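Structure, as structure tokens:
The values are calculated or read from the model by the stated rules, or taken from the named source; none is laboratory data. Since the model is a prediction, treat every value here as computed from it, not as a measurement. Cβ coordinates were reconstructed from backbone atoms using ideal geometry, including for glycine residues, and neighbour counts include every protein chain displayed.
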């Protein structure tokens, strides 16, 4: 392991972790929907992906991806935005979080529920092992 002085003498630069300039060290940010539309992905993929234009709480407008099947977003709906975009949609660097504010969760979702804002049903609670069951 090198000492700090050895690293400084050898002109090794410490790189800071890159921070998204729009979020400014925040995990999520609130926004209001300005426009709802559909976009097609880049070359090898083919689909119709729903996106929204959102005015964030810091007055900046950004394109945001809508995850999951179906949505209830309209103009002036409030959404919570995270800094992870759709990889094959150019210019889309953010994603809406389902089940928060006006954005409904995906219905009839059993697996990967936390991503799509679905609460655990009573039948799922019974399937848990005895050790983890909530009584």
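Every residue, every condition in (1) in a helix (DSSP H, G or I); (2) farther than 21 Å from residue 58 by Cα; (3) in contact with a helix residue (DSSP H, G or I) (Cβ under 7 Å, 6 or more places away or on another chain), yes or no:
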{"site": "80", "(1), (2), (3)": "no, no, no"}
{"site": "85", "(1), (2), (3)": "no, no, no"}
{"site": "95", "(1), (2), (3)": "no, no, no"}
{"site": "100", "(1), (2), (3)": "no, no, no"}
{"site": "105", "(1), (2), (3)": "no, yes, yes"}
{"site": "108", "(1), (2), (3)": "no, yes, no"}
{"site": "111", "(1), (2), (3)": "no, yes, no"}
{"site": "118", "(1), (2), (3)": "no, yes, no"}
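Just one of (1) within 26 Å of residue 112 (Cα to Cα); (2) in contact with a strand residue (DSSP E or B) (Cβ under 6 Å, 6 or more places away or on another chain); (3) not in a strand (DSSP E or B) trips up residue 26, so point out which. Looking at each condition in turn, residue 26 falls short on (2).
Within region 73-99, the set of residues being loosely packed, with under 15 Cβ neighbours inside 10 Å and without any contact (Cβ under 8 Å) to a residue 24 or more places away in the chain comprises 84, 87. When the test is whether a residue is surrounded by 10 or more Cβ atoms within 10 Å (Cβ to Cβ), closer than 18 Å to residue 98 by Cβ and touching a helix residue (DSSP H, G or I) at 6+ places or on another chain (Cβ under 9 Å), residue 67 passes it. For beta carbons closer than 8 Å, sequence separation of 6+ or different chains, a first residue in region 104-128 that is under 15 Å from residue 68 (Cβ atoms) and a second that is modelled with pLDDT under 80 and exposed (fewer than 11 other Cβ atoms within 10 Å of the Cβ), there are no qualifying pairs.
The single condition among (1) at pLDDT 85 or above; (2) surrounded by 13 or more Cβ atoms within 10 Å (Cβ to Cβ); (3) not in a strand (DSSP E or B) that residue 32 does not meet is (3).
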